[in-house]
Each structure stands twice: as structure tokens, then as C-alpha cells.
Amino acid sequence: MIFVDNDIIKLNTPSTCLILQKAGSVVKMLHYGKKLRNGNFDLLSRNASQDAWANGYAISHFGKYDYREPLVLLENSDGTFTSYFEFEEAGLLESKPELAGLPASYGAAKTLELTFRDKRNHVCLKQRFSVFNDCDAIATSVSIVNDGAGDVRIKRCMSLQLDLPEANYAMHTFDGYWGRERAMHVTSLTAGIHCVDSKCGASSSFHNPYVLFEKTGRQQEFIAVNLVYSGNHKEIGEVSPFGRTRILTGINDFCFDWPLKPGEQFDAPEAVMCWGKTIRQVTEGMHDFVSGHIVRGAYKNAPRPIVYNNWEATYFDCRMDTVQTLADQAAGLGMELFVLDDGWFGKRVDESSSMGDWYDNRDKYPDGIAALAAGIRQKGMKFGIWMEPEMISEDSDIYRAHPEYAMRIPRGSNWYQRSQLMLDITKPEVRDYVVGQVNDVLSRTGAEYLKWDFNRLMTDVYTDRGSIYGTYFHKYILGLYDMASRIVKANPTVLFESCASGGARFDLGLMCFMPQVWTSDNTEAKDRVYIQEGSLYGYPENVMSCHVSICPNHQNGKSTAIESRFNVAAAGLLGYEMDLGKCSQKELETIRDQIVFYKQHRELLQYGRYIRLDSFWDGKYSGWMKVSEDQNHAIATVVVKEYMLEDGDYLFRFDGLDPEKRYSVKMRPQHNVEKVQEYTAYGDLLMTLGLNFGNVFDDTDRQENSNSIASRLFVIESLD
Ligand code: DGJ
């Protein structure tokens with residue numbers, strides 16, 4: 001996996017490689033991309049420029065003529081801010097070293113550790129690259145050690161630097177807002193700097209840390225990067241005047257200024273990169289990395305339960321009798337886990353109170369939540385519960401007892417979101433309080449699932465203890481990881497789902513603790529096609545929680561047939577989130593059949609190889625497939641964006657099948673479609689010509705979908 005040949009170090013993954021060259025005081029990055037044979041890399045080396053503006057080195061620092069965005073920027077103990085890190089040694093490690101207080105990828109890996117030293121300022125920089133034998137991703141990290149006698153200040157410490165020898169890249173970023181998370185935007189990198197970031201204390205729905213760089217032109221290829229981090233981040237693509245491209249990703253240096261005392265080490269979060277000749281290859285590499293080396297615990301590779309969540313059915317008015325009725329209906333339809341959402345605690349009747357008072361609301365639950373949970377188990381379902389552990393309401397017992405637990409600025413107006421403040425979890429006693437509360441709720445209810453919500457972003461950042469400006473954002477995230485790791489360790493069989501006003505913390509950091517994420521509060525099927533497609537560029541379906549909800553949709557008022565709502569939600573981890581009492585008999589029968597189908601094909605739907613087919617962004621279809629490893633079993637979903645008069649037939653090409661195998665292609669029977677389509681064809685025909693579905697908007701569809709999508713789901717089975 002890692003080969004050393006004199007001055008050349010070659011890190012191999014199954015189909016990519018990173019080639020470095022030790023060259024005196026520097027390490028050159030000769031190649032990152034397609035796997036090359038071992039051999040003589042002199043040619044690459046000769047082409048690597050020595051000019052500071054154009055060099056392709058493994059690391060960069062500020063102060064010595066390279067004026068591009070640097071990997072690190074330090075204020076030395078004597079007030080200078082020139083760094084000069086010279087290469088010292090390369091070591092091979094049999095595993096990945098831990099990063100203090102930070103989650104990271106895991107699993108059999110070999111690591112190259114490069115040590116650089118700034119002799120004048122007595123600072124050491126370690127850069128690591130870890131390769132796995134079963135996936136194409138390379139994990140990388142950076143640490144800085146103060147070996148001197150005076151304090152150093154870290155103004156910037158990014159986690160990944162890739163200096164690429166050419167220009168002509170396009171940067172694909174995944175951006176949005178509440179209800180429209182992770183929409184892909186493509187920007188051509190011409191001269192200068194392009195960057196996305198987050199400054200709100202969370203990875204955010206504004207810009208996801210997952211970014212794709214596409215080499216455009218004749219030799220198209222892709223490099224994906226991501227960060228194992230949940231806080232402020234920054235991703236940069238810079239093209240130098242010499243036409244070279246530098247990629248950086250790491251903690252945002254905005255409001256970052258970290259003091260490093262003599263002997264101390266700072267670990268930047270782990271980053272990951274993956275190369276692919278095609279966008280599909282790079283997506284698969286990232287999916288393998290997340291499924292195999294980020295997600296962990298009892299639910300890794302395990303069937304995920306079909307959830308019923310009461311939020312959109314009751315909102316805060318979740319009383320015992322209503323909830324029990326919903327649970328009866330959900331159990332009767334075959335759902336497997338009942339999630340009691342917001343409103344069950346303190347004296348909460350709306351968003352104005354009780355955050356932090358995690359005791360049972362006896363007005364709503366006279367016998368307590370444990371009794372409710374026991375009743376739900378008797379109905380044959382597991383019990384799950386919602387909490388928002390990082391928050392506090394001013395109208396709460398905990399705030400009255402400990403106002404100093406809240407994050408707020410003194411003597412000033414504070415900004416409220418959802419009427420609540422955040423807890424100052426940089427304080428150990430606040431973390432202990434939160435950990436105690438969450439563990440207590442889980443143990444007294446025996447909950448098998450916890451939805452960990454986070455419904456506001458950081459404002460009025462302050463603590464009455466220690467420094468604020470340069471350290472708070474990162475200390476907060478370290479506090480979050482401290483709590484999450486203690487809670488997950490104490491409750492190893494609980495399924496955790498992270499949530500942040502929908503998908504505002506859809507990141508690899510939290511996925512190390514919580515194997516699934518609430519994708520978006522927007523559950524409307526047409527919008528969801530976009531949101532899920534964006535999410536799936538970098539994250540696998542087994543982290544993506546997707547619910548079927550009522551129509552008209554509560555977020556955008558649109559209506560879509562319930563079969564299409566299911567077809568779209570079945571792309572990920574299925575749940576239902578609606579007042580089942582308001583569903584017609586036909587809808588309930590439809591839901592029952594959907595659940596039978598999902599259970600029958602659960603493994604493929606949750607863990608099959610995801611292949612993106614077409615996209616709403618490009619035309620009238622969206623489509624995706626899940627294919628088993630042996631290519632004998634697949635499910636294809638075809639979605640048509642909207643009904644157009646006399647639109648002709650719909651042709652659709654599949655992918656990922658074995659061209660030599662004969663397959664039966666059978667439509668999942670839908671309650672809104674009379675004719676079940678069925679075909680037999682070889683893989684090559686299905687992938688080359690595709691199928692002609694006629695006009696999928698038949699009469700029933702047209703009535704039900706006047707303004708929205710129509711969809712079909714096909715089960716494809718090998719006949720050989
Ligand atoms: C925001 C979440 O995204 C919703 O699913 C729901 O849990 C609410 N918070 C509850 O307050």
C-alpha cells in the first residue's frame with residue numbers, strides 16, 4: 001500500500017495513487033490520481049517547478065514568496081509570522097494515530113507521517129496520509145507542535161493541501177439553506193481564489209464541507225474532498241498566475257487564533273480525498289469510505305428500522321392519547337420504531353420554553369414517558385425519543401438555577417433563534433449536565449433510538465471563562481464531540497440520528513458518532529429529489545433519513561401522489577411522518593404495501609451500490625439505482641419532473657448491470673397505476689437503449705400529480 005523507493009514515496013489505494021518525492025528540504029507532490037505502475041518518476045519530478053508561486057509541494061507556509069493561500073499561518077513567539085518548515089523525516093505507521101478530542105476514520109490503514117521543522121521558530125509540523133486496502137479514499141491530517149520556549153499562535157491550520165500541476169478545474173459545491181440543502185453549484189476556477197465556508201458554528205446547510213473538483217477538458221477527472229468536522233470550515237480552490245491549482249480544506253481561519261504553549265500540540269481535524277476518472281467513481285469511493293470507515297457501532301451495515309415520527313402529526317401537541325393512537329396505527333401498518341419528537345418534556349407547549357428541562361411533561365404524560373415506551377413496545381415497535389441537548393430556554397428550571405450555562409454576551413441584546421439560547425458546552429460542568437440528562441432519559445425510557453436535534457446557529461459567542469475570539473468555535477465542537485463520545489459509549493445499542501433544523505449538520509464528524517442523519521425538514525417529494533441527489537454525491541444512502549409525509553406538504557404546500565412520495569423516500573432510510581388518522585383507507589393500504597416492499601428489499605435499498613442515472617438539474621428525469629455486488633439484483637427508480645401535454649414517450653437507460661446477463665424488469669405495483677409493466681432483456685440492452693415506458697403520466701397519475709412528479713420503481717432480477 002505504501003512503497004518507498006529511495007526518494008519516492010508511493011501511496012496506493014485499489015485504483016488511485018499519491019506520489020511524493022523527498023527533495024532536500026521539501027516534499028514534492030508529483031501525482032495524485034489514477035494508479036500508476038511502480039517505476040521511474042523522474043519525468044514527473046523534472047516537470048515540478050521550483051518557483052515559489054508554482055511549486056507543487058506537500059505543505060505551504062506563509063512568509064517565503066509563495067503568496068497563495070497557505071496550509072498554515074503562525075505567529076511565532078517573537079512576533080514574526082514567517083514560517084519555514086523544512087522536511088526532516090518520513091515514517092511509516094501501521095495504523096492511524098488518534099487526533100486529540102476529534103473523531104476520525106478508522107479501520108485497517110497504513111499511514112505515512114512526514115515531519116517538517118521550522119528551526120528558527122522551534123515549531124514542528126506533522127502531515128499524515130493514511131491509505132485503506134478496501135477503498136480509494138486517502139485520509140490526511142496535520143498537527144503542529146510547539147517545541148520552543150515561547151508561546152506560538154496558530155492563525156490558520158488547514159487539514160488538506162493538494163497542489164495540482166494544472167489549471168482548468170471546476171469546483172462543485174453543495175450549498176443551500178433550510179429546506180433546500182446541498183444543491184450542487186459548479187464554478188469554473190479561473191485566475192484567483194474561490195472559496196466556500198461556514199462561520200455559524202456548525203458545518204451548516206449554507207455550504208457543505210464536501211466539495212468536488214472536476215478537471216475539465218480532454219482528460220476529465222474528479223477529486224472529492226471532505227472534512228471530518230462539524231464546525232466552521234473552509235474549502236478553497238486557488239489558481240496561481242502560473243496556472244497551477246491549489247486545493248485546501250480545513251477549519252475556517254475566520255475568528256480562529258489558537259495559542260500553543262511550549263510542549264503543546266494542536267491537531268487539525270482529519271480530511272479525506274478521493275480521486276475518480278468519473279463522477280460515479282469518486283462518489284463510490286466516498287460512499288465506501290463513509291460506510292466502511294466513518295460509520296461505526298451496532299448499526300454499521302445493520303438493517304435500519306422503518307420509523308414513524310409524530311412531529312408533523314402533532315407538532316408540540318403530542319399528548320398520551322394522541323400518541324398512542326398514532327402508535328397503534330403505525331404498528332398496524334408494519335412500522336418498526338416509534339419516535340416521540342419535540343414537546344414531551346418540561347412544560348413545553350410551544351418553542352418558547354423548557355429546553356434543558358429533560359423531565360417528563362406530566363400534563364401530557366400522567367404516567368410518564370417510560371410507561372408510554374412500554375406500551376409502544378407491547379405494540380411490537382421499538383421506542384425512540386427526541387432531544388436537543390445543546391440548547392437552553394430562558395424559561396426553564398435549568399436556566400433559573402444556572403443562567404451561566406447559557407452562551408450569551410453580557411450587558412447586551414442577545415439574538416434568539418426559535419426563542420432559545422445555546423448551552424456553553426465549552427464548560428466541563430455543562431457537558432457533564434448534558435451527558436447526565438441524555439443518559440438519564442435513555443435509561444429511564446429504555447429508548448432504542450435518539451434523535452439529537454440542533455435548531456439554532458451560534459450568535460453572541462461568549463464564555464465567562466477563558467479566551468473567546470480565536471478559540472471558542474473550535475472548543476465548542478470539541479465539547480460536542482466529548483459529549484457525543486461519552487453518550488454513545490454509554491449506550492452502545494442505541495441508534496442515534498443527528499438532525500439540525502433538518503440537514504444543517506450533515507457532516508462526517510457527527511457521522512462518526514451517529515450513523516444516520518435527518519436529511520432535510522423538507523419532505524416534499526419533488527424538492528427531496530434535488531436534496532437527496534445533492535446529498536448522495538458524497539454520502540451513502542445508509543446515512544440518509546427520508547420520510548413520507550402528508551399532502552399538501554407542510555413545508556411547501558405542494559401535492560404529490562403517495563406512491564411517488566414513497567418511491568423517493570425509499571432512496572434512503574424510510575420513515576413516515578404524518579397524521580395517519582387523516583389518511584384515507586386507500587392511502588393506508590398503499591402504505592402497508594409500501595412497507596412490505598421496503599422490508600423485502602431493505603438490504604438493497606439501504607446498502608446496495610447507489611448509481612445516479614439522470615438528474616432534474618439536466619432535464620426531465622431523475623433516476624437512480626441500487627445494485628447488489630453480484631449484479632443479480634437491482635432496483636431502479638425513475639422520476640419524471642412534470643406532466644407536459646403531448647410529451648411523447650419516456651425512454652430510460654439503466655446502468656450498473658452485467659451486460660451479459662438476462663434480467664427480468666418488473667415494476668413495483670403501484671396503487672395509482674393500473675398496468676404493471678414487465679420486461680425481459682439483456683443487461684446490454686437495458687443499459688444501451690433502455691426501456692420505453694410510454695407516457696408514465698396515465699390518467700390516474702395526471703389527476704394525482706397535476707403539479708408534480710410521477711415515478712416508477714423497478715425490481716430487476718437476473719434470470720441466469
Ligand atoms: C427540527 C427537526 O428538523 C424536525 O424534524 C423536528 O424534530 C423539530 N426540529 C422539532 O422541534
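The values are calculated or read from the model by the stated rules, or taken from the named source; none is laboratory data. Keep in mind the model is a prediction, meaning the values are calculated, not measured. Using ideal geometry, Cβ is built from the backbone for each residue, glycine included, and neighbour counts are taken over all protein chains shown. Please note that ligands, DNA and RNA were not included when accessible areas were found on the heavy atoms of the full protein model with its side chains. Shrake-Rupley method; radii C 1.70, N 1.55, O 1.52, S 1.80 Å.
Taken over the stretch 146-182, the criterion of being open to solvent by less than 20 Å² (accessible area, probe 1.4 Å), of a type in the set (A, V, I, L, M, F, W, C) and touching a residue at least 60 places away in the same chain (Cβ under 8 Å) is satisfied by V152, I154, C157, M158, L160, L162, L164, M171, F174.
Quick one: in the stretch 685-701, of everything that is within 34 Å of the chain's Cα centre (by Cα) and modelled with pLDDT of 95 or more, which residue is surrounded by the most Cβ atoms within 10 Å (Cβ to Cβ)? Checking each candidate, the answer is L686. Answer yes if at least one residue in the stretch 632-643 is without any contact (Cβ under 8 Å) to a residue 40 or more places away in the chain, closer than 15 Å to A710 by Cα and buried (at least 23 other Cβ atoms within 10 Å of the Cβ), and no otherwise. No, because not a single residue in the stretch 632-643 is without any contact (Cβ under 8 Å) to a residue 40 or more places away in the chain, closer than 15 Å to A710 by Cα and buried (at least 23 other Cβ atoms within 10 Å of the Cβ). For the stretch 197-212, the set of residues classified as among the aromatic types (F, W, Y) and surrounded by fewer than 24 Cβ atoms within 10 Å (Cβ to Cβ) consists of F206 only. In the condition set (1) more than 30 Å from C512 (Cα to Cα); (2) part of a loop (DSSP other than H, G, I, E, B), S45 is compliant with all but (2).
Counting only strands (runs of 3 or more DSSP E) that sit wholly inside the stretch 208-310, those with at least 1 residues that are of a type outside the set (D, E, K, R) and more than 25 Å from I59 (Cα to Cα) are 307-309. Scanning the stretch 1-43 for residues that are under 22 Å from D136 (Cα atoms) and open to solvent by less than 60 Å² (accessible area, probe 1.4 Å) yields a count of 22.
Is it true that I409 is under 18 Å from V461 (Cα atoms), in a loop (DSSP other than H, G, I, E, B), more than 13 Å from the ligand (Cβ to nearest atom) and more than 30 Å from the chain's Cα centre (by Cα)? Answer is yes for this residue.
In the stretch 311-320, which residue that is in a loop (DSSP other than H, G, I, E, B) and open to solvent by 20 Å² or more (accessible area, probe 1.4 Å) is nearest to N542 (Cα to Cα)? Of everything passing the filter in the stretch 311-320, Y315 is nearest to N542 (Cα to Cα). Test D163 against the criterion of being of a type in the set (D, E, K, R) and part of a strand (DSSP E or B), and give yes or no. Criteria met by D163.
Residues in the stretch 308-319 that are within 11 Å of the ligand (Cβ to nearest atom) and in contact with a strand residue (DSSP E or B) (Cβ under 9 Å, 6 or more places away or on another chain) were compared, and the one that is farthest from G107 (Cα to Cα) is C318. Summed over the stretch 320-344, residues that are more than 16 Å from the ligand (Cβ to nearest atom) and among the charged types (D, E, K, R) total 3. Please indicate, with yes or no, whether at least one residue in the stretch 508-518 is of a type outside the set (K, R), open to solvent by 10 Å² or more (accessible area, probe 1.4 Å), part of a helix (DSSP H, G or I) and out of contact with any Gly (no Cβ under 9 Å at 6 or more places or on another chain). The answer is no, given that none of the residues of the stretch 508-518 is of a type outside the set (K, R), open to solvent by 10 Å² or more (accessible area, probe 1.4 Å), part of a helix (DSSP H, G or I) and out of contact with any Gly (no Cβ under 9 Å at 6 or more places or on another chain). The set of residues in the stretch 341-400 that are more than 19 Å from V435 (Cβ to Cβ), assigned to a loop (DSSP other than H, G, I, E, B) and open to solvent by 10 Å² or more (accessible area, probe 1.4 Å) comprises K347, V349, D350, E351, S352, R362, D363, P366, D367, K379, G380, E394. In this entry, L372 passes the filter for residues that are under 30 Å from F597 (Cβ atoms) and more than 16 Å from the ligand (Cβ to nearest atom).
Just to be sure, is D424 acidic (D, E), away from the ligand (no atom under 16 Å from the Cβ) and open to solvent by 60 Å² or more (accessible area, probe 1.4 Å)? No.
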